[in-house]
Amino acid sequence: MPRPELGPIAVGDPVIVTINNLQGAVDLVSATITKINPVWLVITQTSPSGRRAREWRMRRDSQRERDGLDPYEDQFATPAQHNWDRRLAFATTHLAAQGIELQATSPWNDPDRRILLADLIRQHTTTEA
């Protein structure tokens with residue numbers, strides 16, 4: 001199953017913002033859509049105490065702060081997209097732990113197929129163990 005598209009969004013919808021810093025650390029922040037324009041969205045972090053915290057202006061098309069070319073840009077994902085991204089990261093880690101390195105030209109290097117391959121290997125190793 002491919003990564004879910006952004007699809008229709010509305011003010012108040014929850015999103016997960018990934019904050020990248022130059023040291024390579026990543027923070028995940030729960031936030032909501034607070035304003036929608038044709039190109040830009042305003043996303044606001046809500047602190048546990050209910051106070052507003054950080055606010056981002058992100059593009060709807062790239063789901064990032066700018067054009068999506070800078071790998072250190074903050075970005076957002078819907079909960080469904082975030083779950084899919086986590087599955088892909090887990091699949092990649094699991095394959096590497098099994099000693100499987102996929103060539104760039106391999107048909108199994110496609111993200112959806114990588115998840116499928118990791119699931120198949122995991123099913124086989126857990127039933128055989």
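Computed quantities for the displayed model
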quantity: Matching option when the condition is of a type in the set (Val, Ile, Thr) and open to solvent by 30 Å² or more (accessible area, probe 1.4 Å), among VAL11, VAL15; calculated: VAL11
quantity: Of all residues making up the range 56-92, the number that are in a loop (DSSP other than H, G, I, E, B) and loosely packed, with under 13 Cβ neighbours inside 10 Å; calculated: 7
quantity: Subset of the range 100-115 [assigned to a loop (DSSP other than H, G, I, E, B) and either open to solvent by 60 Å² or more (accessible area, probe 1.4 Å) or under 21 Å from PRO4 (Cα atoms) (or both)]; calculated: GLU101, GLN103, ALA104, THR105, ASP110
quantity: Some residue of the range 7-20 being on the phi > 0 side of the Ramachandran plot, at pLDDT 85 or above and either out of contact with any Phe, Trp or Tyr (no Cβ under 8 Å at 6 or more places or on another chain) or assigned to a strand (DSSP E or B) (or both); calculated: yes
quantity: Tally, over the range 89-114, of residues that are touching a helix residue (DSSP H, G or I) at 6+ places or on another chain (Cβ under 8 Å) and in contact (Cβ under 8 Å) with a residue 40 or more places away in the chain; calculated: 1
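Yes/no matrix, rows are residues, columns are (1) among the aromatic types (Phe, Trp, Tyr); (2) outside the structural domain of ALA25 (by the TED database); (3) touching a strand residue (DSSP E or B) at 6+ places or on another chain (Cβ under 8 Å):
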{"position": "ARG60", "(1), (2), (3)": "no, no, yes"}
{"position": "GLU65", "(1), (2), (3)": "no, no, yes"}
{"position": "TYR72", "(1), (2), (3)": "yes, no, yes"}
{"position": "ALA89", "(1), (2), (3)": "no, yes, no"}
{"position": "GLY99", "(1), (2), (3)": "no, yes, no"}
{"position": "ASP112", "(1), (2), (3)": "no, yes, no"}
{"position": "ILE121", "(1), (2), (3)": "no, yes, no"}
{"position": "HIS124", "(1), (2), (3)": "no, yes, no"}
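The values are calculated or read from the model by the stated rules, or taken from the named source; none is laboratory data. Since the model is a prediction, treat every value here as computed from it, not as a measurement. Neighbour counts run over all protein chains shown; Cβ positions are idealised from the backbone, glycine included. Please note that ligands, DNA and RNA were not included when accessible areas were found on the heavy atoms of the full protein model with its side chains. Shrake-Rupley method; radii C 1.70, N 1.55, O 1.52, S 1.80 Å.
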